[in-house]
Structure formats: structure tokens, C-alpha cells
Amino acid sequence: MPVVYLGIFALSLILSFVLTRYVRNLAVARGWLSLPTFDRHLHNTPLPRLGGVAIFLAFLLSAAAGIFISWRYQIFQRGFSFHTLATILLPAVLIFMLGVLDDVRGVGPYLKFAVQALAASMLFIGGLRILDLPVLFGAHQFPWFVGLPLTIVWVLAITNAFNLIDGLDGLAAGSALFSTLIVFVVALLNQSSPVALMTIALAGAILGFLRYNFNPATIFLGDCGSLFIGFLLSALALESAQKAPTIIAVAIPVVSFGLPILETALSVLRRLISGRPLFTADREHIHHKLLQRGLSHRQVVIVLYAVSALFALLSLFLLWPTGSSLGLVLAVLGTGIWMGVQHLGYLEFGELRRVAQRTMEQRQIFINNLAIRRATEELKVTRDYEQLCRILVAAFGTNDFDAFDLSVKLLPNDNPGLELVQAHLHREQLCFGWTKSDKLRLRDSFALWNLTLDLVTTSNRRRGSMSIQRLYTQRDLQLDVNLLTAVFPVALADALDRVLGQAMQVMSRPEESTRLVTAQAG
């Protein structure tokens, strides 16, 4: 039997090698080329994108040869089912035709999903279905109206996952090769001859195609190839899971398809977080991020091959499950994915992390917000300039700011009082400054950012401005800035209008002048 599998693999490999060359030359002669018309395209010259035709034909012919041998010489007597072959191959042909149509004329996303859902329903009717989810619901079996949507979601997810990573020469085909070999090993252990026959034929077809698709590629996989491979693998994984309906049977295909599943999950999350349509193409995929970090085209493909191989290796550990094997595999995967996503530097996840951190620090934000709100209420009733300065120092002294400068414009009818004029008046303005530490008095030596508030009263009179400063730091500002830009400036301007519009006699104490009422000399 191993000789038969090896023969099918060799036949598929040779057929794919020959057919890919023929399809490439034919497509070039007929002008069936993919032009680099979009920014996301990474190729510079027009290339044919019907490589999936060669894979499909090589797979079909080698699988037919295997079926004929099994029937003629009764090699696969045990566990061989022509019903399983028909259940998988018929909808797979439908998906292949959909891909060809998309490559030649273009098909909208909704029609593609509709046809894929129809193909998934054909699998469900044929008996390939998700019966349970042991991770979440134990051994509880689902009724058909639950199992059918789950089966459709699984097929759509895996089919389009391989289509989504088809952005670099050889990436989708190489990743699919690793996944195909894992499904083949699982089929051998489950004694599922139809699945083993189809996977070994598919592996040979992919490998023969990679000779022309690896960087620099002379032909692309196309949707007819990526959709066909993705659908076939999703169907074969379902068939393997029927033989061993346990948590391990579900986990093995999920882990072995790790790279395309990860890419799909990241793309969906990114677009949901940023509010973009799910079907919008961009240059934010994993391979684009690696290219942006300075890796060459070929280096990125090799790195992602290594990632696919790692996913495949980890899935093999689940073939001989122990009490801790699943937990160990999930721990390694979770740690690796977390570190990888952090290294890629997605802006969406950085913003999500910032929001989560801000949520953790919500108590400090409450405290700082309350200090500004309390100052706003106290400013509404203060009638003393020095008290006004103390309110400002109390509000910002316990906040995340490091300094502020208050410049008050004097109006003709103002009567601030003789003592106040002598202490604070400079060029027809009252000036008051505060810093959190003495070293910040030399502000030219530090990098600061400023928030300047125009002080306008409720009667629309300008009373100067207040400049709030903070040192540049990695720590986020723990304050709702809207509090400073909405009610607070108006309350401060009204308080100044009230204080300066009446006669005051302020006794300025020398020991407090440097801390609270610092005269600005220019």
C-alpha cells in the first residue's frame, strides 16, 4: 500500500509539472495575464494566474488512476468508500469552476460566498458535517439546523483563508502543502483510504506546481487554485473528523491550518476595529508587514513556510494525546501568536491595547477628572484672585500635567487693586505661573507639549489664555481632555471677570509668592 501512495504522488507530481508549464505558455500566448493594477499587487510584470487549472487536472487524473487501481486490484478493500469520493469531488469541481470564472471575468464576494455555501451544503447532505464542538459543549450532538450553519462557516473560513494568504509567490501553495501532508497522516492513522488517496494526489499536484510558482514566479495560483485547495482541505478535514469525533479530531485540522486561519482572523479583527468593510483589500497582511520590516520577497516566504511547518509539527503532537498535550500545544501557539502579532506592529491592535490599558487605569482617570470638575465648581463661586490661583494649583498639582501659565487680559473697567497690580502686572496683563518641580522652571531644557485654552466669558469677552504643559512621556494622559476644553475655560474666564471687576486688596505674602503666586517678569 505505501508503494501505491508513492506511485500516486509521483504521478500527480509529474502531471502537475508538465501541465503547469503548458497552462502557463497557453495563457501567455492568449494574453490571459494578471496586470499589476492595484497597490497591493507585488509583481511588476503581467503574469498568468490560472495555475490552479494545472493543479486541478493533475489531482483529478492521479486520483482517477488511484481509484482505478483500487477497483481493479482491490488494494483499498478496507475503509474505501466511493460515496465519500463523490461527496467531496462534486462540490470541489463546483468550487474550481467558480474560481476559473473569477480569474477570467471576476465574481463579486456575495456570489462567491453563495456558491461556497451551496458546496458546503452538498458536503453536509453527503454526511460530512460538524456534529459537535467538544471544546465548548462536550459530547453533546447538534441538531441539523445548528450543524449545517457550523459546517458552512467552517468550509467558508478555510476556503477563503487559503485564498487570503495567496499574496506572495509560492506562499499559499507552500502553506497548503504542509497542511495536506498532515491531513494525509491523520487519514492513514484513521484508515481512511479515500482521504489518504486524495491528499497524496493533492500534495503531488501542489509540489509540481511550486516549481513554477516559487519566487520569482512565472505563473500564479489564481482563485481557481486557492479556492479549490482550501475547499478540498476543509472537506477532507471534515471526513477525517468523522472517524474520530473527539476534541483532538477537531484540534488537529485547526492547528495544521494555523497560518491561513491566523491571517483570516487578523484581517477580520483589523477591519472591524478600524471600521473598514470586511471585503476591502489592503497592504496590511502578515506578508506585507514582513516586507515592510525589510525582508526580501523570498525571505518572507521562507519565514512563513517555517511558521506553517511549526503549526504542522504542533498538530502532530495531538495525534497521540495525553492529559497535558492539548494544553501544551495551545500554550505554545498562544504565546507564539501573541509575540508575532506584537512584532508585526499592527496599529489596530496597538490602539486596542491602549484602550485596554486605559480601562485598567480608569480609577486614576476618575480621580483626575474629579479634580478638574471640582476646580470648575469652585471657580464659579470664588471672588478672590489669590484663591483662584490656589484652586488652579490644587487642580493641576495632583494631575498628570507639569506646568501651566495664566495670562489675564486687563479690560478698561477692571480694578484689580494696588497690591495685585504691583505683584502681577506686566504689560497690561496679569501673569501667573506654576511648575510641579523646580527643575521645570528652565523649560527650554525639556521637551514639552502645550495645550492653550482661550479664556472667553459667557458674555463673549476675552480674558486672556491659559497654557497647560506636560513633559513628553510614554505614559498616557490619565484625563478626559474634553473637561479642559469645554466647561473649565468658561468657568475660569467668568471667575477672572468677576474677580477683576471689583476692588480688591490682596495681601501678598513673600513666603507664598514663589509657590502659588509667582510673578512673571517677562
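Data for the structure
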{"read-out": "Those residues of the stretch 388-402 which are at pLDDT below 90 and out of contact with any strand residue (DSSP E or B) (no Cβ under 6 Å at 6 or more places or on another chain), in sequence order", "value": "GLY397, THR398, ASN399, ASP400"}
{"read-out": "Long-range neighbours under 8 Å by Cβ, at least six apart or interchain, first residue farther than 16 Å from LEU477 by Cβ and touching a residue at least 40 places away in the same chain (Cβ under 8 Å) within the stretch 346-367, second assigned to a helix (DSSP H, G or I) and basic (Lys, Arg)", "value": "TYR346/ARG270; TYR346/LYS289; GLU348/ARG270; PHE349/ARG270"}
{"read-out": "Test: residue in the stretch 321-336 that is over 18 Å from LEU266 (Cα atoms) and in contact with a Gly (Cβ under 9 Å, 6 or more places away or on another chain)", "value": "no"}
{"read-out": "Matching residues, the stretch 104-146, being over 21 Å from GLY222 (Cβ atoms), assigned to a helix (DSSP H, G or I) and at pLDDT below 90", "value": "PRO134, VAL135, LEU136, PHE137, TRP144, PHE145, VAL146"}
{"read-out": "Residue among LEU318, LEU330 that is over 29 Å from PHE214 (Cβ atoms), modelled with pLDDT under 90 and touching a Ser or Thr at 6+ places or on another chain (Cβ under 7 Å)", "value": "LEU318"}
{"read-out": "Residue match in the stretch 147-165 (condition: farther than 30 Å from LEU295 by Cβ, of a type in the set (Phe, Trp, Tyr) and within 22 Å of the chain's Cα centre (by Cα))", "value": "yes"}
{"read-out": "Residue within the stretch 322-341 that is of a type in the set (Phe, Trp, Tyr) and touching a helix residue (DSSP H, G or I) at 6+ places or on another chain (Cβ under 8 Å) present", "value": "no"}
{"read-out": "Where a residue in the stretch 188-209 is within 15 Å of PHE17 (Cα to Cα) and its partner, wherever it lies, is outside any helix (DSSP H, G or I), with Cβ under 9 Å and at least six apart", "value": "PHE209/ILE219; PHE209/LEU221"}
{"read-out": "Members of the stretch 220-242 that are under 27 Å from LEU318 (Cα atoms) and among the charged types (D, E, K, R)", "value": "GLU239"}
{"read-out": "All helices (runs of 4 or more DSSP H) inside the stretch 246-355 with 1 or more residues being surrounded by fewer than 17 Cβ atoms within 10 Å (Cβ to Cβ), among the basic types (Lys, Arg) and not assigned by TED's automatic domain parsing to the domain that holds ASP476", "value": "297-317"}
{"read-out": "Count of residues meeting criterion [β-branched (Val, Ile, Thr), over 13 Å from ILE468 (Cα atoms) and either part of a helix (DSSP H, G or I) or not assigned by TED's automatic domain parsing to the domain that holds TYR472 (or both)] in the stretch 373-417", "value": "2"}
{"read-out": "Members of the stretch 356-381 found to be surrounded by fewer than 14 Cβ atoms within 10 Å (Cβ to Cβ) and within 30 Å of ARG283 (Cα to Cα), listed by number", "value": "ALA356, GLN357"}
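The values are calculated or read from the model by the stated rules, or taken from the named source; none is laboratory data. Keep in mind it's a predicted model, so treat the numbers as computed, not measured. All Cβ positions, glycine included, derive from the backbone under ideal geometry; neighbour counts span all protein chains shown.
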